[in-house]
Amino acid sequence: MHFATTFKPQNYDLYFDLDRQQKHFFGKTTITGLALTETVWLHQKKLQITEVLVNGQPHAFDLDETKDALYLELGFTGKVTLEITYTAKLTDTMMGIYPSYYELAGQKKQLIGTQFETDAAREAFVCVDEPDAKATFDLAIKFDEQPGEQVLSNMPEKSVSAGVHYFETTPKMSTYLVCFVLGELQSKTTTTASGIKVGVFSTKAHQPKELDFALDIAKRALDFFEDYYQTPYPLPHSWQVALPDFSAGAMENWGIITYREAYLLLDPDNTTLETKQRVATVIAHELAHQWFGDLVTMKWWDDLWLNESFANMMEYVCIDALEPNWKIWQTFQSTEVPLALNRDALAGVQSIYTPVEDPAEIDALFDSAIVYAKGARMLVMVRALIGDTALRLGLKQYFASHAYGNATGADLWQALTQKTELDLPKIMSTWLNCSGYPVVSVKKIGNDLLLEQRQFFTDPSVTSDQLWPIPLMSNYPELPALMTQKRLILKDYTSLRQKHGSALQLNVNNNAHFIVDYSPELLGDLLKKSPQTDTLTRFSLLQALVLLAQAQVISLPQVLELAANFKNDHSQLVTRALLQLLDLLKLFVGSDTTAHDDLCTLVVSFTSILKASLSQEPASFSQLDQELIQPLLLKTELYAKVKQVVDEQLYFPPTKTDWAKLPAEIRGVALKNMLVNHNSDACFTEFFKEYQQSVDPSYKVDLRQALTSSPKVAQLTELLANFKDPAVIKPQDLRAWLEEILANPVGQKLAWAWLKQNWTWLEETVGGDMEFTTYITVIGKTLSSPELYADFNTFFEPKLAEPGLAREINLAKHAIFARVNLLKVQQSNVAQALSSLAWYQKHS
Ligand SMILES: [Zn+2]
């Protein structure tokens, strides 16, 4: 039952009195609204309710903890005012109203912030905590205020009286978007072309210049969205606030977006282009939500994709407009696309649209690979099908029709189909409601061409009969725009080939969510044209080949042979795809084996060709390619222990002093090199201390990656021993630490043992958090031996009944099984191929 069917809130008057020292708060919620039934149901969780008044009179109330509910037998329907007083605790779960800890000049300090999505507003105040129960909010806050502290919220502060901060009334909005942050903050502000105040806020532990990049991007992104959506930004301000403790990446609270520090703050003088791109796209994503999600909200969580898939596409549309030189769609291709293709190839993965009711199931929908990456790819596909103009017109209409209200997927399709002949709702219903994606195999039968679709799985033992309406996006107009049937024949290919002067190609811009398995003859024909084929085509061919090899459709040695065809493409996109292939191979060779040495030889010839080309013909590389390729090359060379990279002198002319000041492009590799190749306990201790003291987010990432790559069991054990101490490793960063130690061959068993031993603690500490299931995801991504596979099953099978965990456990199980199986089948082939294949030498 949705509680909104019993009570329709119109206005919330929220009062909070917070005490950070005692870690609790007093609250009073006054709700005016309409009782739709004689018994009304409201959400509350972990609140100690002391009194309920109905129209000013004390009233009996009941609680139902299983439903997070407070219910009242009113005995009447219609307009009513409810007044609820309560107390509650401030907990360190990074949900609800929670503290963020930091140090300033040796003094321990805290900010208070909120995180209500998806179902934690009910931990802060009594409400109908459902996205379509929109209402207006009046906020008043008192706290143990110190001089220099301030309070920020969705709307501007209108007055302060007797220590209480009062805020202007919000427009109609969902409970999960209400937010406030208080404490000692520094800020930089500006104004957009249309007069909206834009601000970036952080603790004073950061240098003021770390706020500049975000302010510039936020201002320009707001200008962009107002123009693109043809719909004004609906609030007077847009605050971007960095919180020292933050579980997700960022949160689109209306008018007051909260961020993990690493996704908002950066040193403009020493940060890699890759990090700048990531920060910019996160800001654009959250600002896209101010319309998509905040102004118009999904009716229920099952349509979460309306929020997330859209924001994920729009972050690229926006940044491509703001920084065209970054070619940010290439980043989309090299990060989001493989994320979606890999996870969506696992049996049992969820579809983009998923019916949900249980709060834990709702949290599990926030899957970066599905509702974000795959969903964005779906919308990129729609944009390619209908064109940008029709998309913009449709969106304008969609916002006009549903502003301050809610919508469903059907509403969006209705708005978008006004300018197109295509039956979008029908086409998209399969893509949204079915999990997985097809592989289209193409081969010659006599003179004709046979196209055949089937669902693609990484695990070759799984099959399905699912068919998709596939936008073929071919370079041959003779093919239909959509392939809906299992098989399709293209007559007289030989003549068509002659007529078009080029080989047949499907999914030309790699915008549709399928891969192609060309027969060797057709692939050879495509590759022959390689110099003329564009980078994106080469990239998507290589990407498909690696996936097909993982599914054992072709062998890895075959892919290695074919990869030689890409040697003359030194774009960052193809380089990344080749490096992803080399990364996959690392799994097969272990360390201290002949195969490992052979792989290193291959890596060295690969990087030296690329480096020679970079230095001899720099003009043939764009500035962008150079900036993005250099750090990748260094990382790869470190793996192969290339002498110049291993030599620590490289990084420290003339004396090594301040690690943080090393140029960001080489700093990660330099630090890692110290622990991998020049490891000493003194150096380990120094880095770990640096990690605990530094507040520079990207430097901390470099230090973490170095520490977790240590080859010494004792050092990794020491790291693990500190995992439960939030003063050393913040709970928000724990998953990344675990994933990296799991990926370290020396650390895998240690980290897995730690996880098993501390699972209950983990559930208690971050179990209520929407990111919780990703702890299982990272285990699924890394375990790689039959023993650990068996152990994984023994440990997790009893947990299958826990809400929200079953799907993730099964997916991780499939992922580990497929990896273990691939290793078993292909390990010796790969070793043999590496020993006989002088890949680059032979072909260059
Ligand atoms: Zn989002």
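Since every read-out is calculated from the coordinates, none of them should be taken as a lab result. Remember, predicted model here, so these are calculated numbers, not experimental data. As a convention, Cβ positions derive from the backbone with ideal geometry for all residues, glycine included, and neighbour counts pool all protein chains shown.
Here are a few things to note about the model shown:
- Relative packing of 168-179, 309-320, 72-83, which averages over residues the other C-beta atoms within 10 Å, highest first: 309-320, 168-179, 72-83
- Set Lys109/Lys134; Lys45/Lys108; Lys209/Lys749; Lys299/Lys426 screened for pairs whose C-alpha atoms are more than 32 Å apart: Lys109/Lys134; Lys209/Lys749
- Centre-to-centre, using Cα atoms only, the range 266-311 and the range 1-80 are separated by 32 Å.
- For the range 1-182, the fraction of alpha-carbon pairs in successive 5 Å shells from zero, as %: 2, 8, 17, 22, 20, 15, 9, 5, 2, 1, 0, 0
- Dipole of the chain computed with +1 at Lys/Arg Cβ and -1 at Asp/Glu Cβ about the Cα centre; of Met483, Ala660, Pro208, farthest Cα towards the positive end is Met483.
- Relative contact order for the chain, counting Cα pairs under 8 Å that sit 6 or more residues apart, in percent: 9 percent
- Its residues counted as N, the chain yields a C-alpha radius of gyration over 2.2 N^0.38 Å of 0.97.
- The relative contact order of the range 346-505 comes to 20 percent, based on Cα pairs under 8 Å that sit 6 or more residues apart.
- Our estimate of slack between Glu65 and Asp19, defined as 0.36 nm per intervening residue step minus the Cα-Cα distance, is 14.0 nm.
- Net charge over other residues, Cβ less than 10 angstrom from the Cβ of Thr39 (K, R count +1; D, E count -1): -3
- Modelled label reach - Gln498, point 7 Å along Cα→Cβ, the range 447-476 residues with backbone N closer than 20 Å: 447-450, 476
- Counting only Cβ charges, +1 for Lys and Arg and -1 for Asp and Glu, the dipole size of the range 438-554 around its Cα centre is about 220 debye.
- Straight-line reach from Lys327: taking Cα to Cα under 18 Å and skipping same-chain neighbours fewer than 8 places apart, the lysines in range are Lys276.
- Mean ellipticity per residue at 222 nm, deg cm²/dmol - from DSSP H runs of n ≥ 4 across the chain, formula -39500 (n - 2.57): -13000 deg cm²/dmol
- Spatially proximal aspartates and glutamates relative to Lys444 (Cα-Cα < 14 Å; intrachain offsets below 8 disregarded): Glu452, Asp492, Asp517, Glu521, Asp525
- Protection proxy ranking for 469-481, 5-17, using the average of other Cβ atoms within 10 Å per residue and placing the highest first: 5-17, 469-481.
- Averaging the sequence gap over all C-alpha pairs within less than 8 Å and six or more residues apart, then dividing by the number of residues, gives the range 296-433 a relative contact order of 36 percent.
- The packing ranking, built from the mean of other Cβ atoms within 10 Å per residue, places the peptides 734-743, 109-118, 32-41 in the order 109-118, 734-743, 32-41, highest first.
- Helix 273-289 axis versus longest C-alpha principal axis of the chain: approximately 40°, rounded to the nearest ten.
- Rough spin-label spacing in nm, given labels placed 7 Å along Cα→Cβ, for Lys749 and Asp597: 2.6 nm
- Alpha-carbon centroid distance for the pair the range 362-376 / the range 504-569, whole angstrom: 27 Å
- Length gained when the stretch Asn677-Glu617 is fully extended (0.36 nm per residue, less Cα-Cα span): 18.4 nm
- Diffusion coefficient, µm² s⁻¹, Stokes-Einstein with Kirkwood Rh over alpha-carbon pairs of the range 715-808 at 10 °C and 1.306 mPa s: 116 µm²/s
- Counting 0.36 nm for each residue step from Thr87 to Ala801 and taking away their Cα separation leaves a gain of 253.7 nm.
- Förster radius 56 Å - calculated FRET efficiency between Lys661 and Lys756 (Cβ-Cβ, nearest 0.05): 0.90
- Using a Förster distance of 56 Å, the FRET efficiency for Glu357-Ile489 (Cβ separation, nearest 0.05): 0.75
- Förster radius 41 Å - calculated FRET efficiency between Asp647 and Leu104 (Cβ-Cβ, nearest 0.05): 0.60
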